[in-house]
1. Mind checking which pairs have a first residue in segment 161-177 that is free of Cβ contacts under 8 Å to residues at least 60 places away in the same chain and a second that is away from the ligand (no atom under 13 Å from the Cβ), Cβ under 7 Å, 6 or more apart or different chains?
2. Which residue is nearest to residue 73 (Cα to Cα), if the candidates are limited to segment 2-30 and must be surrounded by fewer than 13 Cβ atoms within 10 Å (Cβ to Cβ) and touching an Asp or Glu at 6+ places or on another chain (Cβ under 8 Å)?
3. Among the residues of segment 106-120, is any without any contact (Cβ under 8 Å) to a residue 40 or more places away in the chain, part of a helix (DSSP H, G or I) and within 15 Å of residue 175 (Cβ to Cβ)?
4. Determine whether residue 199 is open to solvent by 20 Å² or more (accessible area, probe 1.4 Å) and away from the ligand (no atom under 11 Å from the Cβ).
5. Looking at segment 25-70, which of its residues are in a helix (DSSP H, G or I) and in contact with a strand residue (DSSP E or B) (Cβ under 7 Å, 6 or more places away or on another chain)?
6. Starting from residues that are in contact (Cβ under 8 Å) with a residue 60 or more places away in the chain and more than 13 Å from residue 38 (Cβ to Cβ), keep the ones in segment 3-16 and report whichever is nearest to the ligand (Cβ to nearest atom).
7. Here are some residues: 93, 82. Which one is open to solvent by 10 Å² or more (accessible area, probe 1.4 Å), within 16 Å of the ligand (Cβ to nearest atom) and aromatic (Phe, Trp, Tyr)?
8. Looking at segment 139-193, which of the residues that are open to solvent by 60 Å² or more (accessible area, probe 1.4 Å), more than 13 Å from the ligand (Cβ to nearest atom) and over 23 Å from the mean Cα position of the chain (by Cα) is farthest from residue 62 (Cα to Cα)?
Amino acid sequence: MLTIAMPKGRIFEEAAELLRKADYQLPDELDNSRKLIVEVAHEDLRFILAKPMDVATYVEHGVADLGIAGKDVMLEEERDVYELLDLGISECYLAVAGLPNTPMNEVAPRIATKYPSVTSSFYREKGEQVEIIKLNGSIELAPLIGLADRIVDIVSTGNTLKENGLVEYEKIKTVTSRLIVNRVSYRTKAKEISSMVERIRAII
Ligand code: PRP
């Protein structure tokens with residue numbers, strides 16, 4: 001049996017749809033219940049439903065063989081797992097945003113983000129010294145309320161920025177979801193994993 005860590009939230013729907021297109025017969029229970037572990041015996045699969053930021057943790061520690069994780073999380077966390085496939089789903093991008101026509105504070109610019117590591121490398125490469133403020137969500141609040149000059153966050157439809165009167169200053173990187181695998185499972189369950197990879201590859 002393969003255990004797959006699925007991200008709850010916005011990636012979930014597209015990830016489940018992708019698996020169904022690859023002809024996995026998945027029960028509605030997977031989408032609709034509050035259960036955190038769903039076993040699909042007829043497919044020899046077990047799903048664990050995790051927070052997107054935690055998917056790679058379960059896979060790295062080997063309690064999940066496989067996982068579906070956004071490239072944003074992979075860049076931020078640098079987990080010791082193999083990235084097998086770019087699934088091409090949940091496309092969005094990481095960007096710098098802030099209030100319009102507002103220059104960064106020259107002395108001590110502050111950047112709020114859920115991605116401190118990505119943000120710090122981005123500004124280091126530009127040779128700019130910034131203070132990074134880690135938030136866990138609703139990042140767009142930070143410039144509105146005077147906590148930060150800029151944010152580094154995911155932009156998908158752009159609606160959150162727009163509805164909060166923020167503008168994009170710079171695009172950092174395109175993000176899609178990836179199929180990741182535990183290093184040991186990749187060897188010990190090679191057959192099952194490569195058969196799943198082939199089924200998914202065939203439809204992406
Ligand atoms: C993400 C991201 C932005 C928003 C972007 O937040 O952090 O806030 O989605 O999407 P959009 O461009 O389509 O508006 P999410 O909804 O995951 O919640 P969070 O604020 O708790 O991180």
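The values are calculated or read from the model by the stated rules, or taken from the named source; none is laboratory data. It should be emphasised that the depicted structure is a prediction, and the values quoted were computed from it without experimental measurement. Positions of Cβ are generated from backbone atoms using ideal geometry, with glycine treated the same way; all protein chains shown enter the neighbour counts. The area values use the complete protein model at the heavy-atom level, side chains included, leaving out ligands, DNA and RNA. Shrake-Rupley method; radii C 1.70, N 1.55, O 1.52, S 1.80 Å.
1. No pair meets every condition.
2. Of everything passing the filter in segment 2-30, 13 is nearest to residue 73 (Cα to Cα).
3. Yes, some residue in segment 106-120 is without any contact (Cβ under 8 Å) to a residue 40 or more places away in the chain, part of a helix (DSSP H, G or I) and within 15 Å of residue 175 (Cβ to Cβ).
4. Spelling it out, residue 199 is indeed open to solvent by 20 Å² or more (accessible area, probe 1.4 Å) and away from the ligand (no atom under 11 Å from the Cβ).
5. If we filter segment 25-70 for residues that are in a helix (DSSP H, G or I), which is where we start, we get 29-32, 41-43, 52-60.
Those that are in a helix (DSSP H, G or I) and in contact with a strand residue (DSSP E or B) (Cβ under 7 Å, 6 or more places away or on another chain): 29, 30, 52, 55, 56, 58, 59.
6. Pass one, segment 3-16, residues in contact (Cβ under 8 Å) with a residue 60 or more places away in the chain: 3-7, 10-11, 14-15.
Checking the rest, the ones that are also more than 13 Å from residue 38 (Cβ to Cβ) come to 7, 10-11, 14-15.
Values: 7: 10, 10: 6, 11: 9, 14: 13, 15: 15 Å.
If we take residues in segment 3-16 being in contact (Cβ under 8 Å) with a residue 60 or more places away in the chain and more than 13 Å from residue 38 (Cβ to Cβ), then 10 is nearest to the ligand (Cβ to nearest atom).
7. Details: 82 fails: within 16 Å of the ligand (Cβ to nearest atom).
None of the other options fit; the residue is 93.
8. Per the criteria, the residue is 145.
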